[in-house]
1. Under a plain spin-label model, where a point goes 7 Å from the Cα along Cα-to-Cβ, how far apart in nm are residue 273 and residue 152?
2. Please give the net charge around residue 158, taking every other residue with its beta carbon less than 15 angstrom from that of residue 158, where Lys and Arg add +1 and Asp and Glu add -1.
3. Can you compute the modelled spin-label distance between residue 204 and residue 37, with each label point 7 Å from Cα toward Cβ, in nm?
4. Counting only Cα, what are the radius of gyration and maximum Cα-Cα distance Dmax of the range 185-261, in Å?
5. Report the extension gain between residue 238 and residue 193 in nm, rounded to one decimal, defined as 0.36 nm multiplied by the number of residues separating them, less their alpha carbon distance.
6. Give the Rg (one decimal place) followed by the Dmax (whole number) of the range 118-228, computed from C-alpha coordinates and expressed in Å.
7. In a shell of Cβ-Cβ distance under 13 Å around residue 243, excluding residue 243 itself, what net charge do Lys and Arg (+1) and Asp and Glu (-1) give?
8. Return the loop-located trypsin sites (Lys or Arg not before Pro) in the range 157-215 (DSSP other than H, G, I, E, B) with at most 13 other Cβ atoms within 10 Å of their own Cβ; answer none if there are none.
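Derivation of every value follows stated rules applied to the coordinates shown; laboratory data play no part. Source: prediction; values computed, not measured. Neighbour counts run over all protein chains shown; Cβ positions are idealised from the backbone, glycine included.
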Amino acid sequence: MFEYPERSRSRRDTIAFLVCLVLACGALFAPAPQADAMARAIRTTVLVPLIWLQTRAEEGKASRSRLAAIQAQRDSLARMAQLVPELRDENGGLRALLGLSQRLPTRFVPAEILHQSQPTDGRTLLLNVGTADGVQPFQPVVAPEGLLGVISSAESHSSIALTWAHPEFRASAYTEGDGVFGIVASSTPGASDEPLLELRGVPYRDSVPPGTLVLSSGLGGVYPHGIPLGRVIGVARELTGWERVYLVRPAANPGQAAHALVLLDGGDRAVDSAYPASGGP
């Protein structure tokens, strides 16, 4: 009679099960020395492949854990490496601001810029100082490079500053050297995306060469004498026989400033000594 392979495998499985059951019962009821000897024999024969697989699984798990830890460390180091230039720039800015504060002959309040507008709309700055710190409207806001703007409104612990890019910004100014006077205002948007200033009201007979430094004149009582505003880069337009309007590249960039100083004395005292580039010591 023909015997099917499935039935043969079933019988072998049954026999193997019975053998395992007998061994288990024997190990359960056998004395301790015989049970230990039987366990050692099973571990060194039948269970060797299983023990090997378990060892490899534990090693794989440990390797994956170490790999995850190494990847996390690598990502942290990469993030720190990306932050190094930013921290270096911020530290440089703070050192420059500290140097400016030591040279200023006027009272001031250090401020942090809490919100910075986009480069294309850097017209206002939110500062973390207010009336509780002595900040009032029409007080200048300066950076180590030059003028950032002026306080427009102040609350107890915050204030809003209009930067030189605001359409309402005006400052009386003069040029270094020849001392040509005029009014500095925000330049009207043109073909260039770079925000610029304009030196307006310069008499037609006066000529200002490119590269000339433009500073606040102190007239008007808002901005003290000697704050750098920018440098002349060329003629914007002119009315023949009447006046010339010059384009000025600003000295300070509000979009990159993270800290600033608010001058509490306004235009009462000159600050040209605090800016060596303006002719001070």
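1. Here the modelled spin labels are 3.4 nm apart.
2. Numbers: positive: none; negative: 112, 133, 155.
Net charge around residue 158: -3.
3. Each label point lies 7 Å from its Cα, and together they span 12.5 nm.
4. My reading of the Cα-based Rg and Dmax gives 13.5, 44 Å.
5. Numbers: separation 45, 0.36 × 45 = 16.20 nm, distance 2.18 nm.
Contour length minus Cα-Cα distance gives 14.0 nm.
6. For the range 118-228, the Cα-based Rg and Dmax read 15.0, 49 Å.
7. Details: positive: 200, 205, 237, 244; negative: 198, 206, 238.
Its environment carries a net charge of +1.
8. Numbers: sites: 170, 200, 205; in loops: 205.
For trypsin sites (Lys or Arg not before Pro) across the range 157-215 that sit outside H, G, I, E and B with at most 13 neighbouring Cβ atoms in 10 Å, the list reads 205.
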